[in-house]
1. Give me the accessible area per residue for the chain, probe 1.4 Å, as a whole number in Å².
2. Under a point-charge model restricted to the Cβ atoms of Lys and Arg (+1) and Asp and Glu (-1), what is the dipole moment magnitude of the chain relative to its Cα centre, in debye to the nearest 20?
3. For Val55, list long-range residues whose amide hydrogen, built 1.01 Å from N in the peptide plane, is under 5 Å from its own amide hydrogen.
4. Given the rule -39500 (n - 2.57) for each run of at least 4 DSSP H residues, summed and divided by the residues of the chain, what is its mean residue ellipticity at 222 nm, to the nearest 500 deg cm²/dmol?
5. Starting from the amide H of Ala25, placed 1.01 Å from N in the peptide plane, find each other amide H under 5 Å away whose residue is 5 or more places distant or on another chain.
6. Tell me which of Gln54, Leu18, Leu128 sits at the most positive position along the dipole axis of the chain, charges placed on C-beta atoms (Lys, Arg +1; Asp, Glu -1).
7. Would you mind finding the longest exposed-site-free stretch of the chain, with exposed GluC sites (Glu not before Pro) meaning DSSP loop and at most 15 other Cβ atoms within 10 Å?
8. Quick one: pull the percent of accessible area on the chain belonging to carbon and sulfur, 1.4 Å probe, ligands and nucleic acids left out.
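The values are calculated or read from the model by the stated rules, or taken from the named source; none is laboratory data. Note that this is a predicted model, so its numbers are computed, not measured. Reconstructed Cβ throughout: ideal geometry from the backbone, glycine too, with neighbour counts over all protein chains shown. Accessible surface areas use protein heavy atoms only, side chains included; no ligands, DNA or RNA. Shrake-Rupley method; radii C 1.70, N 1.55, O 1.52, S 1.80 Å.
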Amino acid sequence: YAARWKVSKLLRLDSPRLVGDVIQASRGVSFCQILSKNRNRRQGGHSDEGGVPQVFLYLPGVDGSAGTLRFQQEDLANNYDLWAMTIDPADRSRFPEMTGYVSRFLDLVTNRGESSRAVVMGESFGGLLAAGTALDG
């Protein structure tokens, strides 16, 4: 519960109950699943051919908090399997390491028998990270 509380504060979520799985990519980089307040409301959402909710990965700006996601978080969580990358301010991973973390995460979530596709959106530095990951892939 303490880890979820920490993530919920970093992402500026209303409650730690909105944090699902947390996948640690490195000491300072995590991928956090964000749940909907109304977990049963995934009607009309974006799904793959098998009806599995499509993964939506949000990559943060240079502050690493994904804090601005909170304005769209509820709508996105209602329509996608929403994940956000968080970067600890003390993390000093190089850009190629960061694109590697994103690629490995996407491989994990698209190959584990759930959604076969993902939407990746980045804000500021996250946009550069998304483009760098796409070019590497």
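1. On the way: 7530 Å² over 137 residues.
With all protein chains present, the chain gives 55 Å² per residue.
2. 480
3. So Val55 has HN proximity to Asp81, Arg117, Val119.
4. -10000 deg cm²/dmol
5. Answer set, sorted by chain and number: Ser30, Phe31.
6. Selected residue: Leu18.
7. Result for the longest clean stretch: 50-113.
8. Reported share for carbon and sulfur atoms: 50 percent.
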